[in-house]
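What follows is one structure encoded as structure tokens, with my remarks underneath.
The values are calculated or read from the model by the stated rules, or taken from the named source; none is laboratory data. None of the values given here were measured: they were computed from a predicted structure. Please note: Cβ atoms are built from the backbone with ideal geometry, for glycine as well, and neighbour counts cover all protein chains shown.
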Amino acid sequence: MHLTPAEKNGFGDALTVVKEPTGADGSTGRDEAVSTTVSSMLSRIEREGMDAVLHYARELDGFTGSSLEVPAAELARAGDGLPADLREALDTGADRSRRFAVMQRDRLVDFEEEVVPGVVCGQRFVPVDAVGAYLPAGRFPLLAGAFMTVGVAKAAGVPHVVAATPPSFEGRAHPAVLYSAHISGADAAYAVGGVQALAAMAFGLLDGRPADMVVGAGNAYVAEAKRQLFGRVGIDVLAGPSEVAVIADDTADAAIVAADLLAQAEHGPTSPASLVTTSERLAHEVVRQVEKQLAGLATAEIAGAAWRDHGSIYVVPDRVAAAEVMNLLAPEHLEVLAEDLDWWLGALRNYGSLFLGTWSTVAYADKGMSGTNHVLPTVRGARFTGGLSVAGFLKQLTHQRATRESTVSQAGPTVVVSDAEGLVGHRDSAQLRLDAVAPRSH
């Protein structure tokens, strides 16, 4: 997540590069080896059904049981063994994520209105019927994932939502992930991971109900499975490594800036982190702070590699230039640690989610504590789309109804346009109605 040479040239001497990776930005381009493997797996699963799913579950997940489904009683008791403070925190995140999703849903309104006399058009927001949510649980189980997928789908009114998560916890599904799925409203949960989980949900192999959408984060194989399944089912976003960008002026605390950059860099060694600042002093202090904090960070091996290979710092002369740089980078997560936050809110337009001020941080949203969704576009996808929300699970359906009296106002122009196009069937469809209400004289 850094500027191209052409983009930097556009700023001339006004932009100073303090730090920048040497390689190319991350890409949504396909890794041919991953693509080939996923294609082969999907084909086999579609052909052989559950036998193939179980084969991959045993081979790749280490699954040893006979049924992938987590029994309903086990799902309901998933939180019993969790520490009380963790359980309380998960309850809080689930509630806030659901609350914000309901606020969004309440503002998506059905309506009917007369466009011209006798022609009434309208829209309805109708939820999809079935959703499959993938909940990763590898080295770092992302416990809030269910809030953003299962919980938001339920807030949208989706009647059937199942969750799939790999059996990575002593050969079983992670209990905290299961608890998050349970309190988010999952109708069922399955201990299966990776490509086989996505395929099983999409093809309806788990419970006989093919998903209309599959959603949730995952590794490169999960992302590729979603890419190949798209069209057969809907998806949320094709996300790459997690990204963070910070805009900071001279009032920002360098220690906080560094901590927020590293908090996202620890997602993985290819996670980009970028700082755009109007203060050269702050830029160099952040470099020192990152190195200082890495020295005591348990995830330094991951975060340090991400910062070294994918971190960038740019110094610009003013806030207008800072906003311009950030609108080019279009980051997944964008923090503003600067004065006049309302100005930034109006000037910034390309980001997955925006965090305004010192007392707001990406980490809060990642854990569900602010309520916004953390399934967001990466690799400059924020230029043309937003992240997952309650609207993502709703179909915006339009309808129209017309009276006999409105026929002339619609049919006449339709005949003229259809004749110009040479589409005689369209013309006849309109002309028959026109003749019925206003017969032509011969």
Checklist entry - Do you know which of the residues in the stretch 22-48 that are at pLDDT below 90 and touching a helix residue (DSSP H, G or I) at 6+ places or on another chain (Cβ under 9 Å) is surrounded by the fewest Cβ atoms within 10 Å (Cβ to Cβ)? => result 22
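Residue-by-condition table, conditions (1) in a helix (DSSP H, G or I); (2) buried (at least 17 other Cβ atoms within 10 Å of the Cβ):
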residue: 53; (1), (2): yes, yes
residue: 73; (1), (2): yes, no
residue: 88; (1), (2): yes, no
residue: 96; (1), (2): yes, yes
residue: 112; (1), (2): no, no
Next on the checklist: Yes or no: the stretch 163-175 includes at least one residue that is hydroxyl-bearing (Ser, Thr, Tyr) and more than 22 Å from residue 371 (Cα to Cα).
Outcome noted: yes
Checklist outcome for this item: Scanning the stretch 298-316 residue by residue, those surrounded by fewer than 16 Cβ atoms within 10 Å (Cβ to Cβ) and farther than 19 Å from residue 2 by Cβ turn out to be 298, 301
Checklist entry - Mind checking which pairs have a first residue in the stretch 350-362 that is on the phi > 0 side of the Ramachandran plot and a second that is at pLDDT 95 or above, Cβ under 9 Å, 6 or more apart or different chains? => result 357/335; 357/336; 357/337; 357/338; 357/341
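Taking the stated definitions as given, is residue 63 within 24 Å of residue 166 (Cα to Cα), touching a residue at least 12 places away in the same chain (Cβ under 8 Å), touching a Leu at 6+ places or on another chain (Cβ under 9 Å) and not aliphatic (A, V, I, L, M)?
For residue 63, the condition - within 24 Å of residue 166 (Cα to Cα), touching a residue at least 12 places away in the same chain (Cβ under 8 Å), touching a Leu at 6+ places or on another chain (Cβ under 9 Å) and not aliphatic (A, V, I, L, M) - is met.
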Checklist entry - Under 6 Å by Cβ, and 6 or more places apart or on different chains, what pairs join a residue from the stretch 201-213 that is over 11 Å from residue 161 (Cα atoms) with one that is buried (at least 24 other Cβ atoms within 10 Å of the Cβ) and not polar (S, T, N, Q)? => result 202/211; 202/214; 205/53; 206/190; 206/200
Item to check | Residue tally, condition within 9 Å of residue 179 (Cβ to Cβ) and touching a strand residue (DSSP E or B) at 6+ places or on another chain (Cβ under 6 Å), over the stretch 66-95 | outcome: 1
Item to check | Matching entry among 238, 275, 261, 329 (being closer than 23 Å to residue 384 by Cβ and crowded, with 23+ Cβ neighbours inside 10 Å) | outcome: 329
Checklist entry - List pairs: first in the stretch 294-308 and aromatic (Phe, Trp, Tyr), second surrounded by 16 or more Cβ atoms within 10 Å (Cβ to Cβ) and outside any helix (DSSP H, G or I), Cβ under 7 Å, 6+ apart or cross-chain? => result 307/273
Next on the checklist: β-branched (Val, Ile, Thr) and out of contact with any Leu (no Cβ under 9 Å at 6 or more places or on another chain): is that true of residue 152 in this structure?
Outcome noted: no
Checklist entry - Take the residues of the stretch 204-218 that are farther than 14 Å from residue 235 by Cα and touching a strand residue (DSSP E or B) at 6+ places or on another chain (Cβ under 9 Å): which is surrounded by the fewest Cβ atoms within 10 Å (Cβ to Cβ)? => result 204
Next on the checklist: List the residue pairs whose Cβ atoms are under 6 Å apart, where the first residue sits in the stretch 114-143 and is over 26 Å from residue 229 (Cα atoms), the second is part of a loop (DSSP other than H, G, I, E, B), and the two are 6 or more positions apart or on different chains.
Outcome noted: 118/403; 124/110
Checklist outcome for this item: Considering the stretch 132-157, residues that are under 13 Å from the mean Cα position of the chain (by Cα) and in a strand (DSSP E or B), and then whichever is surrounded by the fewest Cβ atoms within 10 Å (Cβ to Cβ), we arrive at 134
Item to check | the stretch 360-388: number of residues that are under 10 Å from the mean Cα position of the chain (by Cα) and farther than 18 Å from residue 326 by Cβ | outcome: 4
Checklist entry - In the stretch 411-440, which residue that is part of a helix (DSSP H, G or I) and among the basic types (Lys, Arg) is farthest from residue 119 (Cα to Cα)? => result 427
Checklist entry - From 382, 365, which residue is free of Cβ contacts under 8 Å to residues at least 40 places away in the same chain, of a type outside the set (S, T, N, Q), buried (at least 17 other Cβ atoms within 10 Å of the Cβ) and not in a loop (DSSP other than H, G, I, E, B)? => result 365
Checklist entry - Quick one: would you say residue 227 is surrounded by fewer than 23 Cβ atoms within 10 Å (Cβ to Cβ), among the basic types (Lys, Arg), in contact with a Leu (Cβ under 9 Å, 6 or more places away or on another chain) and not assigned by TED's automatic domain parsing to the domain that holds residue 334? => result yes
Next on the checklist: Looking at 204, 216, can you tell me which residue is on the phi > 0 side of the Ramachandran plot and in contact with a Phe, Trp or Tyr (Cβ under 7 Å, 6 or more places away or on another chain)?
Outcome noted: 216
Next on the checklist: Condition (residue is closer than 22 Å to residue 196 by Cα and either touching a Leu at 6+ places or on another chain (Cβ under 7 Å) or without any contact (Cβ under 8 Å) to a residue 40 or more places away in the chain (or both)) applied to the stretch 75-94: is it met by at least one residue?
Outcome noted: yes
